[in-house]
Amino acid sequence: MQLTFNVESGDFTRAGFASSQVKKTLKQLNVDSTIIKRVVVALYEAEVNIVAHAYRGDITAAIDPEKIVLKLEDEGPGIPDIAQAMQRGYSTASPEVREMGFGAGMGLPNISENADHFEIHSEVGKGTTLTITIHLK
Ligand SMILES: Nc1ncnc2c1ncn2[C@@H]1O[C@H](COP(=O)(O)OP(=O)(O)O)[C@@H](O)[C@H]1O
Ligand SMILES: [Mg+2]
């Protein structure tokens with residue numbers, strides 16, 4: 001099963017739409033609730049990052065009985081130093097984004113912790129692609 005979503009920069013009210021749809025689907029498939037929580041946290045943080053840091057993005061969630069593979073491809077500024085971006089507390093979020101309660105610098109570390117497999121590729125001036133795999137059993 002494949003679900004697709006798109007995300008636009010700046011639209012924080014819609015960040016969380018993909019993760020809530022995926023949550024519903026995994027519940028219907030009777031996936032263990034602790035696994036669902038990991039998927040929702042990882043996907044939500046990745047959605048927020050597109051809204052906060054990129055221009056737009058496409059999300060696909062490919063679900064099979066063994067695993068979910070989340071792919072988030074954005075058009076945006078890219079990440080010049082991925083090792084630095086992965087550090088807890090590191091954030092380039094704007095003052096406006098921080099005022100809305102985002103920008104704690106914990107998103108990428110949280111994604112990494114909740115994923116069984118996490119890949120991040122980025123090209124400065126073009127965009128960023130995340131691939132997050134979580135086993136469902
Ligand atoms: N999709 C993205 N496009 C561009 N930069 C990003 C993206 N995701 C993360 N980053 C960069 O990595 C930093 C750390 O991300 P994260 O850990 O989620 O913290 P936060 O979003 O709270 O700043 C961001 O501040 C930003 O500089
Ligand atoms: Mg973030």
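Rule-based calculations on the coordinates, nothing more; no lab input. The structure presented is a predicted model; accordingly, all values stated were derived computationally and were not measured. Every residue, glycine among them, receives a Cβ derived from its backbone with ideal geometry; neighbour counts consider all protein chains shown.
Modelled this way, with points 7 Å down the Cα-to-C-beta line, the labels at residue 28 and residue 117 are 2.6 nm from one another. Dipole orientation for the chain: of the candidates 43, 63, 33, 33 has the Cα lying most toward the positive pole (charges on Cβ; Lys, Arg +1; Asp, Glu -1).
Pairs from the list 27/71; 23/126; 37/137 with a Cα-Cα gap above 22 Å: 23/126.
Relative contact order of segment 1-77, taken over Cα pairs closer than 8 Å and 6 or more residues apart, is 40 percent.
Label-to-label distance for residue 81 and residue 64 is 3.9 nm, based on points extended 7 Å past Cα in the beta-carbon direction. Once both labels are positioned 7 Å from their Cα atoms along Cα-to-Cβ, the gap between residue 126 and residue 3 label points is 2.9 nm. Between helix 33-53 and the chain there is an angle of about 30 degrees, using the helix long axis and the longest principal axis of the Cα atoms.
Using a cutoff of 8 angstrom between alpha carbon atoms and counting only pairs six or more residues apart, the relative contact order for the chain works out to 28 percent.
With the biggest extent put first, the Cα atoms of the chain measure 40, 28, 24 Å across the principal axes. Net charge in the neighbourhood of residue 21 (other residues with Cβ under 12 Å of its Cβ; Lys, Arg +1, Asp, Glu -1) is +3.
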